[in-house]
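Shown next, in structure tokens, is the structure this report addresses.
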Amino acid sequence: MELRHLRYVVAVAEQRHFGRAARSLHISQPPLSQAVRQLEDELQVELFERTTRTVALTPAGEVFVADARRILAALDDTVERTRRIARGQVGVLRIALTGSATYGYLPRMAALVKARMPGVGLQIQTDRLTPQQVHDLDAGRIDVGVLRLPVRDDRLTTRLVAREPLVLALPSGHRLVDDPEVTVHALVEESFVVLAPSARSVVTDAVVRTCLDAGFYPTIEHEVTEMSTLLSLVAGGLGIALVPASTRASGLEGVTFADLPGTATVDLALAWRADQPNPLVEAFVQTLEEHDLLQADPDRKAPR
């Protein structure tokens, strides 16, 4: 028995006529009649009652045709699903993000995927520092990372999302909250909360660079591994912080943000494996490009 036999029997059952069924299948009638008869011989069952003028299903034929329709429908669904997967329209995309990207970029990205890629599910990890994401990309544990540049790994392709200045995060009752002209120099006596330098945080490197450019090394009181924890400590009055501008979207009660002239900038970027083509990732990147959630970055490789 072959799949074509199922299609032949279903066509005859629907048309109730071998000639019309043959025309609907774009074949001639003799091969159709022969194939149906061969199938009946194989099954040792009559599927049709034939007269010179009509063709009708036998009780056994009714059961066979009902099952054949279900099999063919399931096969068609499988074929279509396979094609959609190959086009990057179906699947689960595993994404990791830095803490600050969770507040500003993730809501826009997730809304876009829901609207434009409805067959794609998101498996999301947040508060992942760049070195952790690079390691997970190389190990195949995630498909896409939203991380901080620079990334020194030839296996990865990166595309710029945003170039952000650092802004000042203060406890809401801090003396500098009401100073409209606060500068980096005013922070020389302050205690800082930073992302752990031991984890090679790009943001912490930018914080130290900003302070050194102003003539002092920051007094680091607390080191944490997650941006959400950093902001919570600031809200609790345990120190101040310099954080990417997108962190303003956190809306955490007890934290006041202020622009600060002369701070370093940090780059937020999308990263994925360059050496492992993935239709889902390619479709995701294209969707972000089409809706301006990626920026041109001529200094880096174009997406594959």
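FYI, it's all coordinate maths here, none of it is from the lab. On a predicted model such as this, the values are computed, not experimentally measured, just so you know. Quick reminder, even Gly has a Cβ in these numbers, built from the backbone with ideal geometry, and neighbours come from all protein chains shown.
Give me the extension gain from Arg81 to Thr256: residue separation times 0.36 nm, minus the current Cα-Cα distance, reported in nm with one decimal.
58.1 nm
Assign unit charges at the C-beta atoms only (+1 for Lys and Arg, -1 for Asp and Glu), then state the dipole size of the chain relative to its Cα centre in Debye, rounded to the nearest 20.
It works out to roughly 1580 debye.
Roughly how many whole Å is it from the C-alpha centroid of the stretch 139-168 to that of the stretch 40-111?
What the calculation gives is 38 Å, centre to centre.
Take the alpha carbon atoms of the stretch 167-304, find their radius of gyration, then divide it by 2.2 N^0.38 Å using N residues; give the quotient.
1.24
Which of the trypsin sites (Lys or Arg not before Pro) found in the stretch 27-106 are loop residues per DSSP with 14 or fewer other Cβ atoms within 10 Å of their Cβ?
Arg53, Arg87
Between Ala196 and Thr183, what is 0.36 nm times their sequence separation minus the Cα-Cα distance? Round to one decimal in nm.
2.3 nm
For every helix of n ≥ 4 consecutive DSSP H residues, a contribution of -39,500 (n - 2.57) applies; sum these over the chain, divide by its total residues, and give [θ] at 222 nm rounded to the nearest 500 deg cm²/dmol.
The helix contribution divided over the chain gives -13000 deg cm²/dmol.
Toward the positive end of the charge dipole of the chain, about the Cα centre and with charges on Cβ (Lys, Arg +1; Asp, Glu -1), which of Ala186, Tyr105, Val55 goes farthest?
Val55
Give the order of Leu233, Leu129 when sorted by the count of other beta carbons within 10 angstrom, beginning with the fewest.
Listing Leu233, Leu129 from fewest to most nearby Cβ atoms yields Leu233, Leu129.
Relative to the Cα centre, what is the charge dipole magnitude of the stretch 18-106, using +1 at the beta carbon of each Lys and Arg, -1 at the beta carbon of each Asp and Glu, and rounding to the nearest 20 debye?
My answer is approximately 560 debye.
Return the distance in nm (one decimal) between the two label points of a simple spin-label model at Asp153 and Ala110, each offset 7 Å from Cα along Cα→Cβ.
Here the answer is 2.4 nm between the modelled labels.
Would you order Ser33, Ser246 from fewest to most other beta-carbon atoms within 10 Å of each residue's own beta-carbon?
Ser33, Ser246
³J(HN,Hα) across the stretch 281-286 via Karplus (A = 6.51, B = -1.76, C = 1.60, θ = phi - 60°), whole Hz, x for Gly/Pro?
Those phi angles translate into 5, 4, 5, 5, 4, 4 Hz.
Which of Ile85, Ile124 comes first, and how do the rest follow, when ranked by fewest Cβ neighbours within 10 Å?
Ile85, Ile124
Quick one: give the max-minus-min coordinate of the C-alpha atoms of the chain along each principal axis, largest first, in Å.
102, 38, 29
What's the FRET efficiency of Arg70 with Ser28 using the Cβ-Cβ distance as r and R₀ = 35 Å, to the nearest 0.05?
Calculated value: 0.80.
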